[in-house]
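To start, the structure itself, in structure tokens.
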Amino acid sequence: MPTAARCLALVLLGLLTAPAAARAEDGYELWLRYVLVSDATRLAQYRAAVTGIVVAGDSSTARAARDELARGLRGLLGSEIPVVRDGARGALVITGTPANSPTIAGLGLREPLSRAGAEGYVIETRGGSKDPQPPTIVIAANTDIGVLYGAFAFLRLIQTHQPIDALDIVESPRLRHRILDHWDNLDGTIERGYAGASLWDWPALPDATAPRYTDYARANASLGINGTVLNNVNAKAASLTPEYIAKAAALAGVFRPYGIRVYLSARFTAPIEIGGLKTADPLAPDVRAWWARKADEIYAAIPDFGGFLVKANSEGQPGPQDYKRTHADGANLLADVLAPHGGLVMWRAFVYAENADDRAKQAYAEFTPLDGLFRTNVLLQIKNGPIDFQPREPFNPLFGAMPRTALTIELQITKEYLGFATHLVYLAPLWEEVLTANTHVNGSGPAVRSVLQGAAGVANTGSSRSWCGAVFACANWHAFGRLAWNPGLTSAALADEWLRMTFTNDAAFVEPVKAMMLTSRQAAVDYMTPLGLTHLMARGHHYGPGPWVNDAGRPDQNSTYFHRADAAGIGFDRTAGGSNAVAQYAASWRETFGRLDRVPDDYLLWFHHVAWDHLMASGRTLWNELTARYCRGVEAVRSMRATWASLAGRIDAGRYEETRGFLGIQEQEARWWRDASVLYFQTFSRQPIAPDSCGPPEHTLDYYRSPGN
Ligand code: GCW
């Protein structure tokens, strides 16, 4: 076809397909897809129950609640649901607080509202069959943000096809601080980000604020997230200059109606770099004065500024130890200048020094002596495990060991060590495992989730259209937010909810995909780091296998440091005979982790150096168990892929195809991990690989080790 004619044909084709294209799913709506309720019986019930909305109050937050309800109900029920005045008749959804709504004040909700607290909500169905008036659905809270959270919760009930004729719900967040940490750099890149460039368009701020910022805030508020740290913990001092404070203030203005406070990562040496001082010593009066002025300046621009997040004396970042001061000295300096404004310091416990005997022990060793020394507005932010966001780690022994310090858990939503955005790895099971772990510091308890004041999630968002680089990666953003609200939620319930809201309520889709999501984390553990192995990823970028890595700048970043394979066996001896990291756990864990006959297989090589011929509970030798686990991981991905293949046609083509393609990559790469790892470890075990469904490795070890493969 001649070129001009072909262009015309393409234009016409485009016109013909435009309406369909406009409806195409691209993931942008996340779990807030308000599509028509597909179950006809339910739809009829919902339409009868909701004929109008009453929203009391006129704050920006009350307006956000009204707009969300109107938007959500319009989509879910398929017609405009009018916003009506209080006192109108009909089946209504009435929202408000006792202070702004006489109707709510007159409903006798004192008891449930006292349970709901400052951020929670009450949802009740009032009236019923004997009443001459149709029932009313009440969404009540003590504050406007509680109303907004309640509005999202009500929409979630409809999105997941729940009955709404006898609602009696009281919800309040279990954790006070529910925060996303963005590792976003001021140049628009994101450290460990796999979803495109930063959402923050720094050059355009503060004059232009993209509509997307509002959608970001809506998504977070729908989960209950109430804070966001805008910039990377590997911070540039420039983020604290007037220019950037104004940009942060513009974002804070967009997020404020949604209950999201803005925080900044602070570079400890900012007083030198942008303040012209000679020192950043936390006890020096001019340093204190500089930070106090800086805090005043920030609060003048952002009256509800959340506070600072600090990575100090860790991986080359400056900190108080550079001045022979402690982490408490550093944190308290900032806490003191923020306290008059109501701000917080989130001080990270992720530290490790180059030549210590065991990297896993260092945070505990450095921080437990400081228990009780931090100001009350300091939160110590502790990664879930003692090393670094690995596919599986035992819980960090700092949880439970600092009873006089406010603690927050740091989880990594972005999958630095878990296949970036491409591998489908649902992280809720990992987080649930840690949150429910019993510290046993007081004998029978407490669980990790009970010692927390907050949760921080390292964000996986970017400017990719679907936010997270893959539709399934957004399940992890959702799970983090919901767990921060209530760390007692189960992965199964969260996966169910997310699937229904993101794709469909069709059980023929939801059930198999939920099963696939729930097995995906163990699959990744098996094909990357089975049996308690850890940190075997390729150097630097951490994508793909690198068990042979032994040339990192520092020993504690080498794979060989972590697996310690030799002719006798494999694993890091952390028992009393080794580094004695087990001593950092409560007595019953010391017994469990420290004894070869008691340690669970999942933590075996984390705590023990084990002989290749050691007999496992399965009846196999360690070597055969190790290779079997690697293959089991590959098989699990094969079966995920088969599950997905069986669901063709059940959801939209765009999101189906993305996942189909990524699962294909994941299967190849699970195989790559398994082949490279078993060949490498075989150089120590010197034993054959027992025949399995994975077959002989495809290439030689040299092939896998050579750069570029
Ligand atoms: O896991 C490591 C990452 C670094 C990160 C660091 C941290 C922000 O590889 O990229 O730096 O953790 O948590 O500080």
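Summary of the geometry: the range 526-577 and the range 177-250, compared by the centres of their Cα atoms, lie 34 Å apart.
Remark: spin-label model distance Arg126-Ala40 equals 3.5 nm, labels positioned 7 Å along the Cα→Cβ axis. With loop membership from DSSP and a limit of 10 other Cβ atoms within 10 Å, the longest segment of the chain without GluC sites (Glu not before Pro) is 355-709.
Ignoring ligands, DNA and RNA, please state the percent of accessible area on the range 457-545 from carbon and sulfur, probe 1.4 Å.
Ligands and nucleic acids excluded, carbon and sulfur give 58 percent.
In the neighborhood of Tyr194, defined by Cβ-to-Cβ distances under 15 Å, what is the net charge if each Lys or Arg adds +1 and each Asp or Glu adds -1? Net local charge, Tyr194 excluded: -2.
Each Lys or Arg adds one and each Asp or Glu subtracts one; over the other residues with Cβ under 15 Å from the Cβ of Ala587, this totals +2. Each principal axis of the Cα atoms in the chain has its own extent, and those three values, largest first, are 81, 72, 66 angstrom. Each of Leu379, Tyr364, His341 was placed along the dipole of the range 317-414 (beta-carbon charges, centred on the mean Cα), and the one lying farthest toward the positive end is His341.
Across the options Thr643, Ile665, Leu622, the greatest Cα extent toward the positive end of the charge dipole of the range 550-709 (unit charges at beta carbon of Lys, Arg, Asp, Glu) belongs to Thr643.
Considering only Ala538, Trp290, Ala249, the residue lying farthest towards the positive end of the dipole of the chain is Ala249, judged by Cα position with unit charges set on Cβ. Evaluated with a Cβ-only charge set (Lys, Arg +1; Asp, Glu -1), the range 560-709 carries a dipole of roughly 180 debye about its Cα centre, given to the nearest 20.
For the range 602-658, the share of accessible area belonging to carbon and sulfur comes to 49 percent (1.4 Å probe, ligands and nucleic acids excluded). To put it simply, the accessible area of the range 329-398 at a 1.4 Å probe is 49 percent carbon and sulfur. Inter-part distance, the range 51-78 to the range 391-412, computed on C-alpha centroids, equals 39 Å.
Taking a Cβ cut-off of under 11 Å around Asp692, the surrounding Lys, Arg, Asp and Glu residues balance to a net charge of +2, with basic ones at +1 and acidic ones at -1.
Relative to the Cα centre, the charge distribution of the range 96-245, modelled as +1 at Lys and Arg Cβ and -1 at Asp and Glu Cβ, gives a dipole magnitude of about 400 debye. Straightening the chain between Ala492 and Asp357 buys 44.7 nm, computed as 0.36 nm per residue apart minus the Cα-Cα spacing.
For the pair Asp215 and Tyr28 in one chain, pulling the backbone fully straight at 0.36 nm per residue adds 66.4 nm over the alpha carbon distance.
What you get for the chain, charging only the Cβ of Lys and Arg (+1) and of Asp and Glu (-1), is a dipole of about 820 debye around the Cα centre. As a calculated quantity, the FRET efficiency between Ala568 and Ala538 at R0 = 25 Å, using C-beta atoms, amounts to about 0.45. Between Glu657 and Ala617, residue separation times 0.36 nm minus the direct Cα-Cα distance comes to 10.3 nm.
Pairs of Lys residues in the chain that lie 8 or more places apart, or on two chains, and have C-alpha atoms under 23 angstrom apart add up to 20.
FRET efficiency for the Leu283 to Thr189 pair, using the beta carbon distance and R₀ = 41 Å, is estimated at 0.70. Placing R0 at 35 angstrom, the Cβ-Cβ distance between Glu297 and Arg465 gives a FRET efficiency of 0.45 after rounding to 0.05. Beta bridges per DSSP, both residues in the chain: antiparallel share near 25 percent. Each label point was placed 7 Å from the Cα along the Cα-to-Cβ direction; for Thr643 and Arg554 their separation is 3.9 nm.
Once both labels are positioned 7 Å from their Cα atoms along Cα-to-Cβ, the gap between Arg89 and Ala576 label points is 8.1 nm.
The values are calculated or read from the model by the stated rules, or taken from the named source; none is laboratory data. Remember, it's a predicted structure, so these values are computed and weren't measured experimentally. As a convention, Cβ positions derive from the backbone with ideal geometry for all residues, glycine included, and neighbour counts pool all protein chains shown. Ligands, DNA and RNA are excluded from the accessible area calculation, which covers all protein heavy atoms including side chains. Shrake-Rupley method; radii C 1.70, N 1.55, O 1.52, S 1.80 Å.
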